[in-house]
1. Hey, among D168, D143, which residue is surrounded by fewer than 16 Cβ atoms within 10 Å (Cβ to Cβ), assigned by TED's automatic domain parsing to the domain that holds T105 and within 30 Å of D101 (Cβ to Cβ)?
2. If you scan segment 26-38, which residues turn out to be farther than 16 Å from G14 by Cβ and over 14 Å from the mean Cα position of the chain (by Cα)?
3. With respect to E160, is the statement that it is touching a strand residue (DSSP E or B) at 6+ places or on another chain (Cβ under 9 Å) and surrounded by 17 or more Cβ atoms within 10 Å (Cβ to Cβ) true?
4. Looking at segment 81-119, which of its residues are without any contact (Cβ under 8 Å) to a residue 12 or more places away in the chain and part of a loop (DSSP other than H, G, I, E, B)?
5. Only one of these is in contact (Cβ under 8 Å) with a residue 60 or more places away in the chain and part of a strand (DSSP E or B): R35, R76. Name it.
6. Within segment 4-32, how many residues are part of a strand (DSSP E or B), within 19 Å of A223 (Cβ to Cβ) and not basic (K, R)?
7. Across segment 175-197, what is the number of residues that are within 20 Å of the chain's Cα centre (by Cα) and of a type in the set (S, T, N, Q)?
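The values are calculated or read from the model by the stated rules, or taken from the named source; none is laboratory data. These numbers were taken from a predicted model, which means no experiment stands behind them. Every residue, glycine among them, receives a Cβ derived from its backbone with ideal geometry; neighbour counts consider all protein chains shown.
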Amino acid sequence: MARNRIRKGRALNGWLVIDKPSGVTSTAVVSIVKRAFDAQKVGHGGTLDPLATGLLPIAMGAATKTVPYIMDGTKRYHFTLRLGEARDSDDADGTVTAISDVRPTDDELRAATIGLTGDIMQVPPVFSALKVAGERAYDMARDGRPPELPPRPARVDRFELIGRPDADHAIFEVESGKGVYMRSLARDVALACGTVGHIAALRRLRVGPFTEEDAISLDKIVASAEEAPASPELLRPVATALADIPALALTPDETVLLLHGQALGLLDLMGRIPETGADGIVRAMDGERVLGLCRLEDGWLQPVRLL
């Protein structure tokens, strides 16, 4: 007879935004935070490369249900492109694979960013977590079998040159959607200028509704947990991740029906329905309490993810 598995740790719910230091993986940060809070269930909202610093949203408990909406949100990055050296990982952690004496001008770099803005097709780095025939691309690359990865659709909303410290380096700011690789952008902007390059430094400044003002250092979390588990007061509400999604107010009777998984007729909601994006997703509200996410479709308000 199967036994119910009892989860260890505290049943915490909410978001924690970590300012990730360089040299540690996103998975390692999750493990550190889980231990510091003695939390049952912890995940993260979008992987950062070990070299990268900046915002790594950590979800606990019910917040893990909202991770996809954080990952779909707009992200903002600063990265430093090192010109003249290609590396197998497309960042400074890799091995040099090619060199070039070509150093493009600022105007040439700006012109190259135009072709890499909007809806583009992007070839991911071979050192990525994508699977090829059941194997991780980075495992194949480390074994000396770098895979041929096909181009994938990507959305880059803004790609600007914001600094040029010297001829070998250029600093860019990027705003993008889900699944855009900054290492690929760095590689491709160099190639478009007739040279090679890789990312020397990368920092994430925004993920969905979260900005640097929301972030807390990993060292502070570890220090706060030296004598007792870190305080739940450091967590932001689960609903914080959904702040950008249009809200729809429900009556007490409608709330009861929705929480029992029932769809609501849109005719009864006329006059309260907000404008939505193409996906028709709204944030169902019982006063100030977020009930979950619903979709407007075929004359009904259908529950998608209840919190």
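1. Of D168, D143, the one residue that is surrounded by fewer than 16 Cβ atoms within 10 Å (Cβ to Cβ), assigned by TED's automatic domain parsing to the domain that holds T105 and within 30 Å of D101 (Cβ to Cβ) is D168.
2. Listed by number, the residues that qualify are A28, V29, S31, I32, R35.
3. So E160 fails the test.
4. T95, T105
5. On inspection, the qualifying residue turns out to be R76.
6. So the count comes out to 4.
7. The total comes to 2.
For every residue, the table says whether it meets (1) buried (at least 19 other Cβ atoms within 10 Å of the Cβ); (2) modelled with pLDDT of 90 or more; (3) within 30 Å of G179 (Cα to Cα).
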position	(1), (2), (3)
V207	yes, yes, yes
T211	no, yes, yes
S217	no, yes, yes
E226	no, no, no
T240	yes, no, yes
G261	no, no, no
R272	no, no, no
G280	no, no, yes
